[in-house]
Amino acid sequence: MQMDPGPLRKRLQEEARRYQRALERDPRNPQALAAMSLIALASGQPGPAVLMARAAVGVAPAMGSAWVALGQALRADKRPGEAEKACDTAIRLDGMDPLARLGLGEIKLATDRPQEALVEFELAIRRDPSLVPAHLGMGHALVFLKRHIEALEAYAQVLLLNPRHPEGEFAIGFTLARMGRAADAERRYRRAIALRPDFAAAWMNLGCLLREQGQDFFARSALQHAIDLRPDDFAGWINLSLLERECGRDEQAEAHLRQAFALDPEQVETHVAWAQFCAQRGDTAGAHRWLQWVDARSATSDEAANLKGILLHNEGRFPEAVAAFERAEEMGSIAAASNRGNSLIELGCDQAALEAHRVAVTRDPHNPGARYNLALTELRLGEWREGWRNYDARWSFREVHQQPRRFDQPRWRGEPLRGQRILLHAEQGLGDTIQFCRYAALVAARGSFPILQVQAPVEKLVRSLAVVHAGQATVAQLGQTVETFDLECPLMTLPAVFGTTIQTVPWAGSYLWPNPQQDPQEDPPPIAAIEDLLAEPRRFRVGIAWAGNPDYKADRNRSVHLRTLLPLLRAFPEVRWIALQKGPAAARLAELPPGIRLTDGSSHDADLAQTAALVAALDLVITTDTCIAHLAGAMGKSVWILLPHLSDWRWLQRTNTTPWYPTAELIRQQTHGDWLGVIQAVELKLRMLLA
C-alpha cells in the first residue's frame, strides 16, 4: 500500500505557483529561479532543474545559493564533474556555506571519495549543527569507511534532530545489518516503513534480510512490495529472482531476470545475475557468455571478475581461478579472498589458503560465508579450537541451512547443567548424526538428560547407544514434537562446546551396534535373506558402497560410478562381495556384466539398524565418504574409506588415519579425479590382507 503523495505534491504546486508569480513580475529574479530549480528537483525533474539553476547563476553569478542549487541539479542529472565545479564555485563565494559543503560532500561520496566527503560534512555541521542531511551524509561516509560505530552515532544525531526521520532509521538498519546484528536491523527497517510506507528501499532491504534468515515467505512478500512501489527498479527484480532461485523456482527466477533485463538491457548487474543463474543451472558456457558481455562493456565489475573465478574453480582450472580472484580483489571485491582460499586449498597450498580465508573474514567479519569457509579450512588443517568456533557461522549461511530451525529455548553453550532436559538435534546428513551422537554420553555426564532428535533412518540405530540403554537419554525422530525440554544444541555444535581437539576426540570403543530388540512384526534384517551366502566360513566377506547422497553439493567429487569398482571385483572372485549401497546408485547393480558376483545387501533396508546387522557379519567394509563409512567406524568395524584429492574437512589432510574412527583407514586420491589410482591401492592392500 503506497502512501498518498497528495500533500507533498500540493505543497510543491503551491510553492511553484508562488515563484511563478514572482517570475512573471521579474523574469530575472535569481531567488525565484533558484527556488524553481529546487522544486523541479523535488518533483523528479533534474533536466528542468538544471535549466532553472543555470538561469539563476546567469543572472546572479555571485549568489552562492544559486550555485548550490545548480550543483544539486547537476548531481541529480548524473553529471558529477559539473556538479562538483558548481559547488566549488559556491564555496569560493562563501567558504563556510553549509549547503555548499553539504552538496560537495554528497558528490564526493557518490564518486567513491568517502574520506574527502567526511571533511565536507564535518565543515557543514560545524557551521550549522542542525543540518540533518549533513549528519546523514557523515554517517554514510563512515559506513563506506567501515567505521560502523561512529556511523551509528551520526545517525543517532539525525534522529535526535528529527525523531521521525525514515531515512535515518533506514540508515541505522543498513549499518546494523553490516555489523551482523540482523534482528536489530530488521526492527529499524520496519520503523522506517512505519514512518514511510512507500519506502521502497526499506522494503527491499527488509526482504533481503529476511531471505538471509531463511524466512522465504515473508522475504518474498517484502520484495514484491518493493517492486510494486518501484517497478522500474531493476535491483528489486534481481533480488526477487535470487530468492526464487534459492527456493528452486527456476522458472519464476528466470521471469524476474527477464523483467530486470527489459528495464535496462545495458545494466551490468543484470548481466552478472544472468551469469549466476546460468552457473547454478550448470550452464557454464552460458555463464561465460554473459560475463564476456560484461567484460566488453565494463572492465571494472569486481562481481563479474569474482564470478569468472568461481566458474574456473568449478571447471577444475584452479591456477586460473586464483588469478581471477586476485584481479577481483584488486577491483574491490570483498568475497573474492574467500573464494581464492577455496582454490588454493585445491592446489595444496594449505597455509596460503588459510591466510586468504583469514583476510576475507578481516575484510568482512560479519559475512557468514567467509567465516564458514575459514572454519572448513581450519578444521581440515587440524586447527580445531578456532575451527569449531567459526563453524557456528553455518546457521547464517543459506548454502548450509536455507531455513534454520528456531527454538524458544536457549542454546546450550557449555554452561553447568543441573538436571535440565537438553534437545540434541541432527541438522545435516545421516553420517553426521552417526559421527556426533557419541557426544550424548558426555552431555549426560555433565548432569543433564539428553533427548537425541535424529532422522528416521538412524532412529533405531541411535537407540543402541549405551547412554540410551542406561535410561540416561532418550531418542526422538526429527519432525515429531518434543514436548518438554529446557535447552537445545545441534549435534554438530557439541565438539565446539567440549573444545574437542585431535587429541581429545571421544572414543571409548565402538558405540553403535545392531539393535538386539528386533520387533518380530517387522521384516527381518537383510542378513537373514543372504545368510546362505555368508554361511561359507572360508569366504572373506567385504561390503562396498560407492555413492553418497546425490543432493549433497560436493557429491560429484566423493562418489564414484559402480563401473569404477569393476577391476577390484574382478580381481578377487574368491571374496564374497556384498553391496551396502542405498539410494538411486543401487540401481546400477542391474547393470553388472556377467561373471561379477556382487550381492545386493542393503538397497531395501528399512533403516540403518538393519544395515548394521549386515555390517556386523562382514570382515571389511570398503566405501567412499558415505554414511556407511560412519556406520562401520562407529561399530568398530575395519573400514577403508576412499577419498577424493580434497576430501571433506572431517578427514583432515595428508593422513591415512582418523581420530574419529580408529579402525578406519583413509585411502586418498594422489591427484584430482584419480579414482583408478585409489582402486589400485585398494587392490594391493586387499591382496596383502588376503595373503
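Does the stretch 93-183 classify as rounded, prolate or oblate by the C-alpha gyration tensor (a ≥ b ≥ c root eigenvalues; a/c under 1.5 gives rounded; else a/b over b/c gives prolate, otherwise oblate)?
Values: a/c = 2.51, a/b = 1.48, b/c = 1.69.
Oblate is the answer for the stretch 93-183, as a/c is 1.5 or above yet b/c matches or exceeds a/b.
Between Arg570 and His645, what FRET efficiency follows from the Cβ-Cβ distance if R0 is 22 Å, with the result rounded to 0.05? The computed FRET efficiency comes out at 0.30.
Measure nothing but the geometry: give the 0 to 90° angle between the long axis through the Cα atoms of 234-246 and the longest principal axis through the Cα atoms of the chain, rounded to 10°. Approximately 10 degrees, to the nearest ten. For a modelled paramagnetic label at Gln653, 7 Å from Cα along Cα-to-Cβ, the residues of the stretch 666-691 in reach, with backbone nitrogen under 17 Å, are 668-673. Per residue, the accessible area of the stretch 84-214 comes to 43 Å², computed with a 1.4 Å probe over protein heavy atoms only. For the stretch 258-383, the fraction of 1.4 Å probe accessible surface lying on carbon and sulfur atoms is 47 percent. Placing pseudo-labels 7 Å out from each Cα toward the beta carbon at Glu150 and Leu676 gives an inter-label distance of 6.1 nm. Restriction of the trypsin sites (Lys or Arg not before Pro) in the stretch 57-123 to DSSP coil positions whose beta-carbon has at most 10 other beta-carbons within 10 angstrom yields Lys78.
With a simple spin-label model that places each label point 7 Å from the Cα along the Cα-to-Cβ direction, the separation between His469 and Leu442 comes to 2.2 nm. The C-alpha radius of gyration of the chain, expressed as a fraction of 2.2 N^0.38 Å, stands at 1.22. How far is helix 114-127 tilted, in degrees, relative to the longest principal axis of the Cα atoms in the chain, given as a value from 0 to 90 rounded to the nearest 10? The helix 114-127 is inclined about 40 degrees to the chain. Per-peptide packing, taken as the mean over residues of other Cβ atoms within 10 Å, places 486-497, 285-296 in the sequence 486-497, 285-296 from highest down.
Oblate is the label for the stretch 628-691, because the ratio a/c of its alpha-carbon gyration tensor axes (a ≥ b ≥ c) is 1.5 or higher and a/b is not greater than b/c.
Find how much the distance from Ile502 to Asp26 grows on full extension, using 0.36 nm per residue of separation minus their present alpha carbon separation; answer in nm with one decimal. Walk me through the intermediate numbers first.
Details: separation 476, 0.36 × 476 = 171.36 nm, distance 8.60 nm.
Stretched fully, the Ile502-Asp26 segment lengthens by 162.8 nm.
Solvent exposure of the stretch 612-678 amounts to 28 Å² per residue of accessible area, where only protein heavy atoms count and the probe is 1.4 Å.
Please state the charge dipole magnitude for the chain, taken about the Cα centre, from unit charges on C-beta atoms (+1 on K and R, -1 on D and E), reported in debye and rounded to the nearest 20.
Numbers: 78 positive and 82 negative charges, 149 e Å.
My answer is approximately 720 debye.
Size descriptors for the stretch 1-133 (Cα atoms only): Rg and Dmax, in that order, 15.2, 46 Å.
Overall, the accessible surface of the stretch 19-86 at a probe of 1.4 angstrom is composed of carbon and sulfur to the extent of 56 percent. For the stretch 300-365, the solvent-accessible area with a 1.4 angstrom probe is 42 square angstrom per residue. Helix 250-263 and the longest principal axis of the C-alpha atoms of the chain enclose an angle of approximately 20°. If R0 is 22 Å, the Cβ-Cβ spacing of Glu116 and Ile334 corresponds to a FRET efficiency of close to 0.50.
Counting protein heavy atoms only, the stretch 96-200 has 56 percent of its accessible area on carbon and sulfur, 1.4 angstrom probe. Ellipticity at 222 nm from helices only: DSSP H runs of n ≥ 4 in the chain, each -39500 (n - 2.57), divided by the residue count, give -16500 deg cm²/dmol. At a Förster radius of 25 Å, what calculated FRET efficiency corresponds to the Cβ-Cβ distance of Ala255 and Glu315, to the nearest 0.05? My answer for the efficiency is 0.30. Once you order the gyration tensor axes a ≥ b ≥ c over the Cα atoms, which shape class does the stretch 13-63 get: rounded for a/c under 1.5, otherwise prolate or oblate by comparing a/b with b/c? Oblate is the answer for the stretch 13-63, as a/c is 1.5 or above yet b/c matches or exceeds a/b. Projecting the Cα atoms of Gln453, Gly173, Pro319 onto the charge dipole of the chain (Cβ charges, centred on the Cα centre) puts Gly173 farthest toward the positive pole. Peptides 269-279, 586-596, 109-119 ranked from most to least packed give 269-279, 109-119, 586-596, packing being the mean of other C-beta atoms within 10 angstrom over each peptide's residues.
The values are calculated or read from the model by the stated rules, or taken from the named source; none is laboratory data. In this text the structure is predicted, and so the values were computed from the model without any measurement. Note that we place each Cβ from the backbone using ideal geometry, even for glycine, and neighbour counts take in every protein chain shown. We work out accessible area using only protein heavy atoms, side chains counted, and drop any ligands, DNA or RNA first. Shrake-Rupley method; radii C 1.70, N 1.55, O 1.52, S 1.80 Å.
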